[in-house]
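The values are calculated or read from the model by the stated rules, or taken from the named source; none is laboratory data. The structure presented is a predicted model; accordingly, all values stated were derived computationally and were not measured. Every residue, glycine as well, gets a Cβ built from its backbone with ideal geometry; the counts of neighbours run over all protein chains shown.
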């Protein structure tokens, strides 16, 4: 039995940083300390000029990241503070001045999809599935920043399928529309991620930084104030029901209240 507590592992090899979400017993669901560690790692990499590329991956073959650890929602203060706090963490990933690669095997759902979308390139196995099925599970909401990133990378129609319809979309469809850089057999993921990382590491770093941060700032600009919508969602009886139903292993009973 693996008794290692949930964590993020960071290994630096020459110019490449490898970050692993290590909570395989829960399909790499993120605890709050893991979120905080993600920000610390991103801040560290942003200030290390020797690192040219970062590769993010989940431990094991079941999931990249399967979302957040739902236990932490039980004691959550019922307002939008959670989304605001997570936004700051994703911002540090989205604004890393180096190219980033998400290597996805299995599920990339909830926060897993958001992290993958925050990366510049996504390589997955052929059987990987992607989505944010919160309309079926928790009944919570996304921040304007997360909505902006998802729509800009997936398009409004796919966003609505994932969020309004709670669909899990398979890798081949996302490859065809350009969201995925590449799909390969699971046994080939490391090889192809390394090929891409080594290629990126040979290119002009200041051009890469300028290009990706310009895009990130464009997506940050003119975000609407949706505090009222997030507060309504997190204060709702439906959100409380979603959390308890998930932890109890039963379908939630939505009331629209």
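Residues that are outside any helix (DSSP H, G or I), at pLDDT 95 or above and closer than 30 Å to residue 50 by Cα occur in segment 203-211; there is at least one.
When 200, 154, 175 are checked against the criterion of being surrounded by 14 or more Cβ atoms within 10 Å (Cβ to Cβ), more than 18 Å from the chain's Cα centre (by Cα), at pLDDT 95 or above and closer than 23 Å to residue 108 by Cβ, a single residue qualifies: 200.
I need the full set of residues from segment 9-23 which are part of a strand (DSSP E or B) and surrounded by fewer than 20 Cβ atoms within 10 Å (Cβ to Cβ), in order please. Full working, then the answer.
Of segment 9-23, the ones part of a strand (DSSP E or B) are 9-13, 16-22.
Residues satisfying the conditions are 9, 10, 11, 12, 13, 20, 22.
Pick out the one residue from 208, 253, 182 that is exposed (fewer than 14 other Cβ atoms within 10 Å of the Cβ) and on the phi < 0 side of the Ramachandran plot. If you could, list the steps in order and put the result at the bottom.
On the way: 208 fails: exposed (fewer than 14 other Cβ atoms within 10 Å of the Cβ); 182 fails: exposed (fewer than 14 other Cβ atoms within 10 Å of the Cβ).
That would be 253, the only listed residue that is exposed (fewer than 14 other Cβ atoms within 10 Å of the Cβ) and on the phi < 0 side of the Ramachandran plot.
Condition first: outside any helix (DSSP H, G or I) and within 14 Å of residue 217 (Cα to Cα). Now tell me which residues in segment 84-104 satisfy that. Break it down stepwise before answering.
Here is the first cut: in segment 84-104, the ones outside any helix (DSSP H, G or I) are 95-104.
Residues satisfying the conditions are 95, 96, 97.
Residues that are touching a helix residue (DSSP H, G or I) at 6+ places or on another chain (Cβ under 9 Å) and part of a helix (DSSP H, G or I) within segment 163-202 comprise 163, 173, 174, 200, listed in sequence order. Just name the residue that is surrounded by the fewest Cβ atoms within 10 Å (Cβ to Cβ) out of those in segment 128-144 that are at pLDDT 95 or above and touching a helix residue (DSSP H, G or I) at 6+ places or on another chain (Cβ under 7 Å). Looking at the filtered set, the residue picked out is 135.
The condition (being closer than 17 Å to residue 193 by Cβ and either touching a strand residue (DSSP E or B) at 6+ places or on another chain (Cβ under 9 Å) or touching a residue at least 24 places away in the same chain (Cβ under 8 Å) (or both)) is satisfied by just one residue among 132, 89, 51, 41: 51.
Please find, within segment 29-51, the residue that is nearest to residue 108 (Cα to Cα) out of those that are assigned to a loop (DSSP other than H, G, I, E, B) and in contact with a helix residue (DSSP H, G or I) (Cβ under 7 Å, 6 or more places away or on another chain). Among them, the one singled out is 31.
Screening 54, 26, 63 for residues that are under 16 Å from residue 110 (Cβ atoms) and surrounded by 20 or more Cβ atoms within 10 Å (Cβ to Cβ) leaves exactly one candidate, 63. Determine, yes or no, whether residue 216 is closer than 30 Å to residue 13 by Cβ, surrounded by 13 or more Cβ atoms within 10 Å (Cβ to Cβ), touching a helix residue (DSSP H, G or I) at 6+ places or on another chain (Cβ under 6 Å) and in contact (Cβ under 8 Å) with a residue 12 or more places away in the chain. Considered against the rule, which asks whether it is closer than 30 Å to residue 13 by Cβ, surrounded by 13 or more Cβ atoms within 10 Å (Cβ to Cβ), touching a helix residue (DSSP H, G or I) at 6+ places or on another chain (Cβ under 6 Å) and in contact (Cβ under 8 Å) with a residue 12 or more places away in the chain, residue 216 comes out as yes.
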